[in-house]
Every structure is written in structure tokens, then in C-alpha cells.
Amino acid sequence: MRIVLLGDSHLAYAQPYLRMLGDRVLNAAVGGSTVDDLPTQAAVAQLGADDVVVVSVGTNDAAFGGLAAADFGSRAAALLALLPVRGRVVMTTPGVDRDRVVGLPGHVEVIMQAYGDALAAAAEQTGSAVVDTPAVLAPLGSRAFVDDGVHLTEDAYHLLLPTLREVVGELAGESQS
């Protein structure tokens, strides 16, 4: 079984820490990606029936994409339904550290939550597992984010990736220790 990562910088930048997920990980995520970039990433990854896919999108869609949350959720659900894989895991957007982020609207937290909720609904609709990323990272508070207030710290990956490994293991029917 391979674990295939699709999505944005929250997974793309996890590259140095991927051993926490296991030995067979393909990181096809690309920083700056939106839900509309996922089909290309999936094609490049050449997904197989034994793969488990982890998807992280929503931050760029919410902040820069101009796509309404409902439309984002519909596109995510359509893509998830078409993935020919053993299992799917969706990471909701971790949000941002409002005190450090620059250039986003003042109500960015509300927007991020709406996109996270839309992605979680898409996951439920398609039988995909959901990782509530803000809840996983909550113990870190602002230490979950690097100085730009958007991207994740090493500490954040040390919380997030073991959680992903556990969920992937459950989907694959494996015991994770």
C-alpha cells in the first residue's frame, strides 16, 4: 500500500517529515494548489486500487481562489468520488494565525472554517475519513504556524503526521503503533 499526498503546501512542505507516515509515501502535493489542481496531481501520481490518498486543500481556495465554499465542497466531493483507491483521508484547512498573516480579510477565520466544513461534508458524502486539522493543532496555538501565519511548523507536523498515519492505518486495516 502507498500513501499518496495530494493538495497544497500543508502537505507539500511535509516532505522532511514523511518518514512519520511510513516507507511508501508519494508526495504529489504542490504549494499554492486549489481543489481544481487535484485532478492533475492525481493523474501524475498514477493512483492504484491499493493506495490510500490524503488530501489537503482549502486554504488557497478560501484565501485567493474566489470560489464559494459550497462550490469548493461540490468540486472536492466530485473528485473524491472518482479516486480509484482503497481509502481517502481529508485534512481540513488548519486555518491561519490571524496575528501574523498579511493580506487576508479580517474575517479570514470564518472563511477558513466554512471551507473546512465544506471539505468535511464532501468527505462524509464520499465515505472519506476526516482529520480535523485545527483540533489536532490546537495544543500548539500560534506555534503551529511559521512567521507568515499560514504554513506549518515542525512541531505542527510532529502532531499532524502521526494522526494521519493512525487514520490511514485504520482505513488500510493495519495496526499502527
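The values are calculated or read from the model by the stated rules, or taken from the named source; none is laboratory data. Keep in mind that what you see is a predicted model, and the values were worked out from it rather than measured. Cβ sites come from the backbone with ideal geometry, for glycine too, and all protein chains shown count toward neighbours.
Worth pointing out:
- Just one of the listed residues (Ala81, Ala43) is farther than 12 Å from Val4 by Cα and not in a loop (DSSP other than H, G, I, E, B), and it is Ala81.
- Within region 37-56, considering residues that are in contact with a helix residue (DSSP H, G or I) (Cβ under 7 Å, 6 or more places away or on another chain) and not hydrophobic (A, V, I, L, M, F, W, C), the one nearest to Thr93 (Cα to Cα): Ser56
- Considering residues of region 153-177 that are surrounded by 14 or more Cβ atoms within 10 Å (Cβ to Cβ) and of a type in the set (S, T, N, Q) only, the residue nearest to His10 (Cα to Cα): Thr153
- For region 7-54, a residue qualifies if it is touching a residue at least 40 places away in the same chain (Cβ under 8 Å) and over 22 Å from Glu154 (Cβ atoms), and the qualifying residues are Val35, Leu38, Pro39, Ala42, Ala45, Leu47, Gly48, Asp50, Asp51, Val52, Val53.
- Of all residues in region 56-70, those that are in a helix (DSSP H, G or I) and of a type in the set (D, E, K, R) have Cβ atoms under 8 Å from Cβ atoms of residues that are surrounded by fewer than 22 Cβ atoms within 10 Å (Cβ to Cβ) and at pLDDT 85 or above, 6 or more apart or on another chain, in Asp61/Thr34; Asp61/Leu67.
- Residues of region 110-142 classified as surrounded by fewer than 15 Cβ atoms within 10 Å (Cβ to Cβ), more than 14 Å from the chain's Cα centre (by Cα) and in a helix (DSSP H, G or I), total: 6
- Subset of region 12-36 [within 13 Å of the chain's Cα centre (by Cα) and at negative phi]: Ala12, Tyr13, Ala14, Asn27, Ala28, Ala29, Val30, Gly31, Ser33, Thr34, Val35
- The one condition from (1) of a type outside the set (D, E, K, R); (2) farther than 13 Å from Ala14 by Cβ; (3) surrounded by fewer than 18 Cβ atoms within 10 Å (Cβ to Cβ) that Val150 does not meet is (3).
- Set Ala138, Ala121: member being free of Cβ contacts under 8 Å to residues at least 12 places away in the same chain, closer than 18 Å to Ser56 by Cα and either touching a strand residue (DSSP E or B) at 6+ places or on another chain (Cβ under 6 Å) or not basic (Lys, Arg) (or both): Ala138
- Positions within region 143-162 being in contact (Cβ under 8 Å) with a residue 40 or more places away in the chain and assigned to a helix (DSSP H, G or I), in sequence order: Ala144, Glu154, Ala156, Tyr157, His158, Leu160, Leu161, Pro162
- Any hit, region 57-69, residues being of a type in the set (S, T, N, Q), over 20 Å from Leu164 (Cα atoms) and at pLDDT below 95: yes
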